[in-house]
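Reading through the structure tokens given below for one structure.
The values are calculated or read from the model by the stated rules, or taken from the named source; none is laboratory data. Worth saying up front: this structure is predicted, and the values here are computed from it rather than measured. Cβ placement follows ideal geometry from the backbone for every residue including glycine, while neighbour counts extend to all protein chains displayed. Accessible surface is based on the protein model in full, side chains and every heavy atom, while ligands, DNA and RNA are left aside. Shrake-Rupley method; radii C 1.70, N 1.55, O 1.52, S 1.80 Å.
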Amino acid sequence: MESWIIEIMEKFGYLGILILIAVENIFPPIPSEIILTFGGFMTTRTDLTPLGVIITATLGSLIGAIILYYIGRILEVERLEKIIDRWGKLLRVKKEDIHRADAWFDKHGNKAVFFCRMIPLIRSLISVPAGMSGMKLTPFLFYTTIGTLIWNTVLVLLGTTLGDRWEDIVEFMDVYSNIAYAIIAIAIVVVLVLYLRRFKKNN
């Protein structure tokens, strides 16, 4: 995948970066770390500029985030309630659970969108609950843009600074990503344990 990403960026420049980052936001397994750090490296040997790469990558991120946001709007809370009415007993999920999660996002949504834009995998997926909760588009775009801009700027400038050694950053980010994935996995396990305990208690 790495060679394919690099080939597209070398061939299409800014347009390639825009498309890759937009797709990366919709399909998180595509690593933004490679796109951004290599984009930074390219500014040392092509006509691309760090500012141009940062702006292009940020626009690509916004395109992908908006698509996922509107997918979340389609899956709004009211639709989930209808699903719960039909399948809630089987899934052991109540409307109250949906309302609690929605209330939490209403209270912490701005901070969640901002900080999650700098966490691998979650940085893309956070757009869906933002849309589901009915978060207004303007604050969503604002906090998405700020968080994304920080993430993109750091990685692009690191790629520019290290030049030929840009892959060192990718290796470091792999460690960061693995830590983030481990935390996510632990959180999922905790949720499952709590869910099973409640299931046993109800039975």
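Mind checking which residues of segment 22-55 are in a loop (DSSP other than H, G, I, E, B) and closer than 21 Å to Ser3 by Cβ? Talk me through it step by step, then tell me what you get.
Taking segment 22-55 as the starting set, the residues that turn out to be in a loop (DSSP other than H, G, I, E, B) are 27-31, 43-49.
Selection gives Phe27, Pro28, Pro29, Ile30, Pro31, Thr43, Thr44, Arg45, Thr46, Leu48.
Testing Glu24 on (1) crowded, with 19+ Cβ neighbours inside 10 Å; (2) acidic (Asp, Glu); (3) free of Cβ contacts under 8 Å to residues at least 12 places away in the same chain, one condition comes back false. Which one is that?
(3)
Filter segment 114-151 for residues that are of a type in the set (A, V, I, L, M, F, W, C) and open to solvent by less than 10 Å² (accessible area, probe 1.4 Å) and give the result.
To start, the set of residues in segment 114-151 that are of a type in the set (A, V, I, L, M, F, W, C) comprises 114-116, 118-119, 121-122, 125-126, 128, 130, 132, 135, 137, 140-142, 146, 149-151.
Ala130, Phe140 - these are the residues of segment 114-151 that are of a type in the set (A, V, I, L, M, F, W, C) and open to solvent by less than 10 Å² (accessible area, probe 1.4 Å).
Being at pLDDT below 80 and not hydroxyl-bearing (Ser, Thr, Tyr) is true for just one of Ala103, Ala65. Which residue is that?
Values: Ala65 fails: at pLDDT below 80.
So the residue among Ala103, Ala65 that is at pLDDT below 80 and not hydroxyl-bearing (Ser, Thr, Tyr) is Ala103.
For residues that are among the hydrophobic types (A, V, I, L, M, F, W, C) and more than 19 Å from Arg73 (Cβ to Cβ), tally how many sit in segment 123-151.
4
Listed residues Ile35, Ile55; which is open to solvent by 20 Å² or more (accessible area, probe 1.4 Å), modelled with pLDDT of 80 or more, out of contact with any Pro (no Cβ under 8 Å at 6 or more places or on another chain) and closer than 24 Å to Phe140 by Cβ? So that I can check it myself, show each step before the final result.
On the way: Ile35 fails: open to solvent by 20 Å² or more (accessible area, probe 1.4 Å).
Result: Ile55 is the single residue among Ile35, Ile55 that is open to solvent by 20 Å² or more (accessible area, probe 1.4 Å), modelled with pLDDT of 80 or more, out of contact with any Pro (no Cβ under 8 Å at 6 or more places or on another chain) and closer than 24 Å to Phe140 by Cβ.
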